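Novice: Okay, handing you the structure first.
Values quoted throughout were computed directly from the atomic coordinates according to the rules given, and no laboratory measurement underlies them. Here the structure is a predicted model, which is why all the values come from computation and not from measurement. Glycine also receives a Cβ, built like all others from the backbone with ideal geometry; neighbour counts cover every protein chain displayed.
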């Protein structure tokens, strides 16, 4: 394998530990072994490991208990569970708790090494992606004026709760950016952030997009498809432009928000989901309710914490900071150039500026 890794092997069978550690050492890895979950937790407090491989059925705490303890302790080390008594229920629980993979005994050495290589590759990609996002400031809110300071304080306050947020603002004010900021500051930050633009999906397809479908549910459904709610299980689902959702679909969304269950198109079994739903719109939902274009009961479900976003023209004090941010060198060689090189940075804030962020920046500089 391309990179030497430090692995923690947990199993109550000394023969299994001996054979696994030998296989990994021959493959160029360093392996630390222990025979119970308690000892594994102690080691994880004092040493850094690239990957954990643990048996499920052990005296005292099981591998699933270990997985739960790691999650509670905030340990991010990826874990692969192994069992000779595997069943579907056990595998599903392990996956929901965050196991990277679930293997059945007896183990093939080749399959085990491939699994470890894939797990390490995925872990490296996640680390690189996290670093890249931080370096590029993809989800950074730019501005330090009064309006942005108030917005930042509101995001901090609402992110820690499970409150449903309705983000209000004109096109280009950064509604998805704010939704991502709420997710990344929430307890769900390690899980998925899934988005759906309700205005961009044809009415006849939006149910399948949200709830998924079974194979053969309709013409062209050649395979089973997990919808956005299933994809976001444990994380956050952001429904942009919810004011454009068809009324018939609003009733089905309301039921999911009330029951916490989805049913795939063509399916006959409800699927439990644990999802925080954030919505956004550029439209006036209260007016849409009066016009019977938006359900009143759904309005009360999603309009719990309205979060209005100020357009750029109402916060000109932030314009120089935005110009400075997007003028930094990116992958594109094109840079923003000031109209007058000798003009002071505050000059851009003196005049009327009708556009928002998306209209203010060249396409090559948009995140």
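Novice: For segment 6-134, what D do you get in µm² per second when you plug the Kirkwood radius from alpha-carbon pairs into Stokes-Einstein at 20 °C and 1.002 mPa s?
Specialist: 144
Novice: If one computes the Cα centroid of segment 164-213 and of segment 38-90, what distance in Å separates the two points?
Specialist: Comparing the Cα centres of segment 164-213 and segment 38-90, I get a distance of 33 Å.
Novice: Now, a different point. I need the calculated FRET efficiency for the pair residue 15 and residue 190, taking r as the beta carbon distance and R₀ as 22 Å, to the nearest 0.05.
Specialist: Numbers: r = 35 Å, r/R0 = 1.61.
The calculated FRET efficiency here is 0.05.
Novice: If each residue of separation counts as 0.36 nm, what is the full-extension length gain between residue 32 and residue 125 once their alpha-carbon separation is subtracted?
Specialist: So the chain would gain 31.1 nm between residue 32 and residue 125.
Novice: Quick one: 198, 34, fewest Cβ neighbours within 10 Å first, how do they rank?
Specialist: Values: 198 23, 34 18.
With the fewest neighbours first, 198, 34 line up as 34, 198.
Novice: Show me the three semi-axes of the equivalent ellipsoid for segment 149-270, from the C-alpha gyration tensor (sqrt of 5 times each eigenvalue), largest first, rounded to whole Å.
Specialist: Values for segment 149-270, descending: 28, 16, 12 Å.
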